[in-house]
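Quick note: the coordinates plus some simple rules give every number you see, no bench work behind them. All of these numbers come straight from a predicted model, not from anything done at the bench. Quick reminder, even Gly has a Cβ in these numbers, built from the backbone with ideal geometry, and neighbours come from all protein chains shown.
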Amino acid sequence: MSRHFRIRRLRLSLIAIVAMLAACSAADEPQPMVVSTDWVAERLNDPRLVLLHVGDREVYDATHLPGARYVDRTILSTPHGDGLMLEMPSASRLKEAFEALGVSDDSRIVLYWSEEWVTRTTRAFLTLDYMGLGERTSIMDGGMQAWIDAGGVLTAEVPTVEPGSLTPRVSDDVLVDIDWVAAHVNDPAVALLDTRNTEFYTGERSGRDMRTGHIPGARTLPFNLVVDEQTLHFKNAEALEALLLAAGAEQGDRVVTYCHIGQQASLVYFVARYLGYEASMYDGSFEEWSADAGRPVETSTGI
């Protein structure tokens with residue numbers, strides 16, 4: 001073997017090693033929380049990609065992104081009638097459900113919505129974040145309609161899914177409970193945000209079987225303000241930051257969100273995390289707080 005050939009082979013081997021190390025490093029890097037349709041299109045053939053469709057089952061059966069798996073809404077909550085209307089399931093139940101969708105410890109997970117299922121998609125993100133997979137999970141901005149508008153291919157083919165292998169690493173700071181909220185309502189470092197529509201916050205209307213008003217000390221930031229009403233794209237970072245500042249949340253604060261049952265609040269939780277805030281969600285939300293007659297409720301006008 002010539003010296004020139006040996007040097008060339010060594011050079012090619014070094015290039016291959018560097019490429020492999022770069023790929024491993026990229027796989028371990030946190031994913032961007034919001035990704036574009038182009039970003040997803042470039043990675044459709046990535047074997048680590050787990051693409052999850054959140055929406056109506058009939059829509060998924062008719063058309064979805066290539067390779068996408070359907071997220072049944074029931075995996076995002078405890079069984080109906082067992083506890084609150086929407087409540088985080090146990091880690092063991094979540095492990096089983098997401099493994100069945102092909103999620104493993106090294107997966108790159110992308111969620112997208114069909115129709116207008118934005119808040120259920122962010123509830124799925126919250127669930128994965130709770131499981132310790134937040135840094136490997138993204139949401140495709142604009143949902144399936146954005147994919148269609150960009151000329152993306154759709155299919156009705158349901159993929160064969162290889163079960164995943166998942167090690168839950170529960171993040172204790174993703175959710176807070178009723179006692180934590182009660183203990184921090186006057187904490188200047190905590191921004192408690194009521195993400196329901198304003199009429200529920202003020203007390204003009206009440207949610208089903210709930211008292212009127214809001215948790216004392218909470219400020220209002222309706223969930224629907226953080227996405228564009230027409231396109232359902234997230235508003236830009238500057239606009240989102242302005243919304244949180246107007247609601248009394250400043251960088252360095254811990255943002256804690258709640259709503260009626262813990263779904264709408266997940267959208268503002270996601271946005272707060274996206275902007276770099278330390279964030280949590282009160283999972284029991286106003287359903288739990290209102291049902292406890294010993295917890296105070298107040299109304300507001302002229303906000």
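Packing-based ranking of 107-118, 223-234, 163-174 yields 107-118, 223-234, 163-174, ordered from highest to lowest mean Cβ neighbour count within 10 Å.
Roughly how many Å is it from the Cα centre of segment 148-217 to that of segment 71-112, as a whole number? Cα centroid to Cα centroid, the span is 15 Å. With a simple spin-label model that places each label point 7 Å from the Cα along the Cα-to-Cβ direction, the separation between residue 237 and residue 160 comes to 4.3 nm. Of the beta bridges in the chain, as assigned by DSSP with both residues counted there, near 10 percent are antiparallel. For the chain, the equivalent ellipsoid derived from the Cα gyration tensor has semi-axes of 39, 21, 19 Å, listed largest first. Pairing the Cα long axis of helix 91-100 with the longest principal axis of the chain, what angle in degrees results, from 0 to 90 and rounded to the nearest 10? Rounded to the nearest ten degrees, it is 40.
Which shape class, rounded, prolate or oblate, goes with segment 162-300 when its Cα gyration tensor gives a ≥ b ≥ c as root eigenvalues, a/c under 1.5 marks rounded, and past that a/b bigger than b/c marks prolate? The shape class here is rounded. Computed from Cα atoms, the angle from the helix 118-130 axis to the main principal axis of the chain rounds to 70 degrees. The antiparallel fraction among DSSP beta bridges confined to segment 110-256 stands at about 10%. Computed over the chain with a Gaussian network model linking Cα atoms closer than 10 Å, the most mobile of 293, 279, 62 is 293.
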